[in-house]
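The values are calculated or read from the model by the stated rules, or taken from the named source; none is laboratory data. Predicted model, so just to flag it, every value in this text is computed and none were measured. Positions of Cβ are backbone-derived with ideal geometry, glycine not excepted, and every protein chain shown enters the neighbour counts.
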Amino acid sequence: MDEQSSFRELPKSLVDEVLSRTKGIGKELLESFEELRKKKQEWRDQLVDSGKAKRDSSLPRVQSPTTCGVDGSYAVERLLATDLVVAGAVAVEGLTPPSEKRFWPEPTHFVHVETEAHNPDTGSVLRAGMIGMELHLAADAPHELVLLDGSFTTPAIYFNQGFNKAREYPNLKTVEEYLIRKVRFFLDAYCTVLAAQRSDRQWVAVPKYTTRREIGSELGWPESYDDRGLLSSVLEAGEYTSPTQLLQPSQPWHIDTSVVDGNVENAERDEINKLVAQVTSLLGDIYVLYYRPHSYMPALRLEMSRAIANNQGRLSMVLQGVKDQCGTAAIMEPYPLYLADRMVKHLPQAVPAFRQIASQYLAEDYQGNIDDVFVGLHSYRTESGR
C-alpha cells in the first residue's frame, strides 16, 4: 500500500519518464562504485602510510562512559490569521548500563510554543532559539560523553542568521524571548561545549551529512568523494583517523549580536561581546576524526575540542562510548542521537494537533461568528500535501 501511494497522485507519463531516467542514474552509480572498489586498496595504503590510520585497541583501556544525545527541531505553521511557531530540544540517555547516577536537574527538554505575526524569516529566528536550547541541555548534562547532532560550526551559522533577522524584525516575540533575554546563556553554553575543559565531560558533535574534506584534501583524493563517504569504505572496523584540525572558512567566524544593543546593561553587553570572541576563537581549535566502530557501520565524523583530541584517555572514552552506542546494524548512528532525532521529528508533525486544540479552546469562548475562528486558523497549505 505504501509503495502504491508513492505514485498514486502522479501522472502516469511522469512516472514512466522518471523510471526510464533512473536506468541511466543506476549506470552512473555503478561506475562510481567500480572506481571506488578498484582504488580502495590504493587509498587505504596511502592512509596507512601517512600514519593517519589508527586502531581503537591502541588507546588506553577505559570503562564504558555514561552517554546522552541531544537534538532539536522547529516548525512554523502558517495560518491565515497568524503563524504558530514551535521549537524544542530533547536530551536522551544512551543504552544502559552504565547509567548516570548523578543528579540531572529537570527538565531534560526545552520547548517553545508561540503565535507570531506573519513573517517570512520567523524560521531563521526560531532555529537560532532551537540551537540555543540544544547547547543549554548539552552543557548541563552530567554524562561523561554528550553527543550533539550536527557540526560544532552549525550553532555559529544559525546564531548569526537568526540574530541578523532579529535585527530586522525586533518585534517578534521569539526574538525577545530567545535572542535577547537568553543570548548570554546560550553563548555561555556554547563556550562550555567547545572548550570541554572538564576532564569528566566529553562533548562531541556528530554531523550526519557533511561535504568537508580535511583528509581528502591533504592526501589528494578525488574531489567527487567527501571524506565520510570514502573513509566508510577505506577504514576497517575498529579504526579511526588521527585527529585533524577542522578546516576553517575563508572568512573568520562571526556572530553579530548587535540586536541586544539598547536592551541590556553595558556590563552584560560587554560580557556578551567577550563570549562571542571566545566562541569564535574556540571554533579555530576544533579537531575532527573519522571512526568506524563496527563493520556494519559507516565511518562516523566526530568533532571535538583540542583538549579531548590530544588526550589519549579522553579520546579513548569517546570512541568507547560511541562503539557501545552503535550496537545494531539497524541504526546508522549512536543510539541516543537516533532516539533524540526520532523524538524531535515528531514535534513538527504534531503542530496541526496543537492548532486544533487551540481552535477548540478559542471556539468555546469566542463571542462572534464561529466561522471566523476556523477560517482564521486554517492552514495556508493543503493538509494532504504536508
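Brief remarks follow.
- Filter pass, VAL276 being in a strand (DSSP E or B), in the same structural domain as LEU147 (by TED's automatic domain parsing) and either touching an Asp or Glu at 6+ places or on another chain (Cβ under 7 Å) or surrounded by 17 or more Cβ atoms within 10 Å (Cβ to Cβ) (or both): no
- Exactly one residue out of ARG167, ARG198, ARG213 is of a type outside the set (Val, Ile, Thr) and surrounded by 18 or more Cβ atoms within 10 Å (Cβ to Cβ), and it is ARG213.
- In the stretch 66-95, the residues that are assigned by TED's automatic domain parsing to the domain that holds LYS323 reach residues that are in a strand (DSSP E or B) and of a type in the set (D, E, K, R) with C-beta atoms within less than 6 angstrom, at least six apart or across chains, in these pairs: CYS68/GLU93; ASP71/ASP149; VAL76/ASP83; ASP83/GLU116; LEU84/GLU77; VAL85/GLU114; VAL85/GLU116.
- Matching residues in the stretch 304-352 - criterion: being farther than 24 Å from TYR74 by Cα and outside any helix (DSSP H, G or I): MET304, SER305, ASN310, ASN311, GLN325, CYS326, GLY327, THR328, ALA329, ALA330
- Only one of the numbered conditions (1) surrounded by 11 or more Cβ atoms within 10 Å (Cβ to Cβ); (2) outside the structural domain of GLY313 (by TED's automatic domain parsing) is not met by GLY26, and that is (1).
- Top-ranked residue in the stretch 175-186 [being surrounded by fewer than 24 Cβ atoms within 10 Å (Cβ to Cβ) and touching a residue at least 60 places away in the same chain (Cβ under 8 Å); ranked as nearest to ALA117 (Cα to Cα)]: GLU177
- From the list THR82, THR96, THR115, THR108, the one residue that fits, being under 23 Å from the mean Cα position of the chain (by Cα) and of a type in the set (Ser, Thr, Tyr), is THR108.
- Of the criteria (1) assigned to a loop (DSSP other than H, G, I, E, B); (2) modelled with pLDDT of 95 or more; (3) not small (Gly, Ala, Ser), which one HIS143 fails: (2)
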